[in-house]
1. On a straight-distance basis, which lysines could pair with residue 90 in a cross-link, Cα separation under 22 angstrom, same-chain partners fewer than 8 positions away excluded?
2. Given a 1.4 angstrom probe, I'd like the percentage of the accessible area of the stretch 49-150 that is carbon and sulfur, rounded to a whole number.
3. Heavy atoms only, 1.4 Å probe, whole protein assembly: order 80, 55, 138, 131 by accessible area, highest first.
4. Extending each Cα 7 Å along its Cβ direction at residue 82 and residue 141, get the distance between those two points in nm, one decimal.
5. Find how much the distance from residue 57 to residue 132 grows on full extension, using 0.36 nm per residue of separation minus their present alpha carbon separation; answer in nm with one decimal.
6. If you project the alpha carbons of the chain onto their three principal axes, what span does each projection cover, largest first, in Å?
7. Specify the residue with the greatest mean-square fluctuation among 54, 71, 18, computed from a Gaussian network of the chain linking alpha-carbon atoms under 10 Å apart.
8. So for the chain, taking the charge dipole from beta-carbon charges (+1 Lys/Arg, -1 Asp/Glu), which of 54, 77, 97 sits furthest toward the positive end?
Amino acid sequence: MGFTAAVALGVTELVASIAPYLWVTRIIGLGAPVAVGTASDILKQFAATNDRPILFREGRFFLLHAPGGIIAAYRKCTHLGCTVPFNTAKDLFECPCHGSRYDKRTAVVVKSPAPRPLQLFHITESPSGALIVDTNPLNVMDRGQEWDDRYLEIRE
């Protein structure tokens with residue numbers, strides 16, 4: 001009787017430890033289209049905050065007020081993939097892992113070791129005027145160190 005109880009307890013613990021890994025959860029955010037509002041609303045928000053980047057946690061990106069338009073920058077550092085936050089005190093993006101710094105308007109590297117600027121997500125405009133950011137990491141735009149107007153998704 002004791003042996004059967006011990007085996008039953010062991011099997012129950014094994015199933016309880018493995019079950020959470022077998023449960024499929026729905027991924028929300030990265031990879032899905034994210035509606036961010038209209039271009040005029042976003043530009044008003046930039047004007048009110050001295051062009052401070054707008055964070056969208058669910059899509060893992062920032063909206064930036066680039067020269068002449070709006071871009072969506074992926075928060076993943078191009079050095080080793082850490083999540084890059086915006087440092088309000090220094091007015092730039094700064095990677096906490098190895099200190100790479102990026103410009104707040106163009107996401108171009110200001111200080112290495114990052115080899116290239118933050119990647120950009122595509123932005124489209126819906127018929128109703130809302131901006132939609134495609135957060136599929138397989139469709140990001142890589143670019144060189146220079147800023148180029150062809151990367152602008154939504155022009156002012």
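1. In chain and number order, the partners are 76, 104, 111.
2. 49 percent
3. Output order, biggest surface exposure first: 138, 80, 55, 131.
4. My value for the distance between the label points is 2.7 nm.
5. Residue separation times 0.36 nm, minus the Cα-Cα distance, leaves 25.5 nm.
6. 77, 41, 28
7. Greatest mean-square fluctuation among the candidates belongs to 18.
8. Going by the Cα projections, it comes out as 97.
The values are calculated or read from the model by the stated rules, or taken from the named source; none is laboratory data. Just so we're clear, the structure is a prediction, and the values are computed from it rather than from any experiment. Glycine gets a Cβ as well: all are built from the backbone with ideal geometry, and neighbour counts include every protein chain shown. Heavy atoms of the whole protein, side chains included, go into the accessibility calculation; ligands, DNA and RNA do not. Shrake-Rupley method; radii C 1.70, N 1.55, O 1.52, S 1.80 Å.
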